[in-house]
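Presented below is the structure to which this report refers.
The values are calculated or read from the model by the stated rules, or taken from the named source; none is laboratory data. These numbers come from a predicted model, not from an experiment. Virtual Cβ from ideal backbone geometry, glycine too; neighbours counted across all protein chains shown.
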Amino acid sequence: MRLAVLADIHGNLAALDAVLADLAGRGVDRIVDLGDCLSGPLWPDRTADRLMQVQAVTIRGNHDRQVLDDPPERIGPSDRFTRDRLNEAQRAWLRSLPPTAVVADDVLLCHGAPDSDLTYLLEEVTKRAFHLAGPERIAQRIGTVPEGLVLCGHSHLPRLVSLPGGPLVVNPGSVGLQAYSDTAPHPHRVETGSPHARYAIVESTGTGWQATFLTVAYDWQAAAATAAAAGREDWAHALATGYAPPA
């Protein structure tokens with residue numbers, strides 16, 4: 001079994017198309033998408049149409065939920081941009097996405113942690129740092145799921161963590177946004193350091209699961225220009241560089 005693992009597309013159709021073209025020749029059996037599909041100042045409606053055509057197992061992320069459910073006084077600018085551009089068919093597709101899924105009998109898909117799309121599964125955020133969490137903390141967040149492989153997104157950072165006596169945990173990185181800053185639960189910045197689209201291929205072998213992380217070039221300058229035209233210079237900087245803009 002070979003799975004192509006996508007996450008955090010964030011409406012970046014150009015990056016998604018580049019990833020789909022790259023994986024087409026890699027002999028994967030199935031594509032899985034770990035959510036945060038559309039939110040952002042790029043091409044959310046066209047990205048929805050593309051994903052609706054792709055035969056992927058897709059779950060929802062926190063932004064997919066917020067685009068549909070956040071009240072007007074709470075919705076953020078990226079989610080608002082997206083909500084204003086979706087038609088009823090696209091909204092219905094987004095609403096149909098489950099929060100988690102299991103594929104290939106032993107692979108759990110979640111966006112953040114299994115019980116919360118807002119929780120980083122593999123990272124800790126403190127007042128001083130944003131860093132890899134310890135194995136005990138990760139295992140606690142996963143709980144008692146029997147799966148041999150856990151696939152998560154949300155942090156946009158490619159990671160592979162092997163838990164002693166537990167599953168392999170893989171975050172493929174983000175297809176569409178390589179840096180951002182956030183304030184919850186404490187202010188922090190997440191940066192990959194290059195604008196390449198990212199995804200992973202995981203493969204079942206005789207000794208378990210293994211992962212290959214891939215980076216894909218696309219026209220990120222055009223994506224950055226689109227974000228800038230929408231008034232989002234923060235996104236434009238992140239898309240063009242892989243770094244969050246200076247505070």
Looking for something at pLDDT 95 or above and among the hydroxyl-bearing types (Ser, Thr, Tyr) - is there at least one such residue anywhere in the stretch 128-150?
no
Condition first: crowded, with 19+ Cβ neighbours inside 10 Å, β-branched (Val, Ile, Thr) and assigned to a loop (DSSP other than H, G, I, E, B). Now tell me which residues in the stretch 5-44 satisfy that.
Ile9
Would it be correct to say that Thr82 is surrounded by 15 or more Cβ atoms within 10 Å (Cβ to Cβ) and not small (Gly, Ala, Ser)?
yes
Answer yes or no: is there a residue in the stretch 184-196 that is over 19 Å from Ala113 (Cα atoms) and surrounded by 21 or more Cβ atoms within 10 Å (Cβ to Cβ).
yes
Quick one: would you say Gly176 is touching a helix residue (DSSP H, G or I) at 6+ places or on another chain (Cβ under 6 Å) and free of Cβ contacts under 8 Å to residues at least 60 places away in the same chain?
no
Is there a residue being part of a loop (DSSP other than H, G, I, E, B) and within 28 Å of Pro77 (Cβ to Cβ) anywhere in the stretch 137-151?
no
Could you list, in sequence order, all residues of the stretch 203-229 that are within 22 Å of Asp17 (Cβ to Cβ), of a type in the set (A, V, I, L, M, F, W, C) and either in contact with a Gly (Cβ under 6 Å, 6 or more places away or on another chain) or surrounded by 16 or more Cβ atoms within 10 Å (Cβ to Cβ) (or both)?
Phe213, Leu214, Val216, Trp220, Ala223, Ala224, Ala227, Ala228
Filter the stretch 88-111 down to the residues that are in contact with a helix residue (DSSP H, G or I) (Cβ under 7 Å, 6 or more places away or on another chain) and assigned to a loop (DSSP other than H, G, I, E, B), then identify the one that is farthest from Pro167 (Cα to Cα).
Leu97
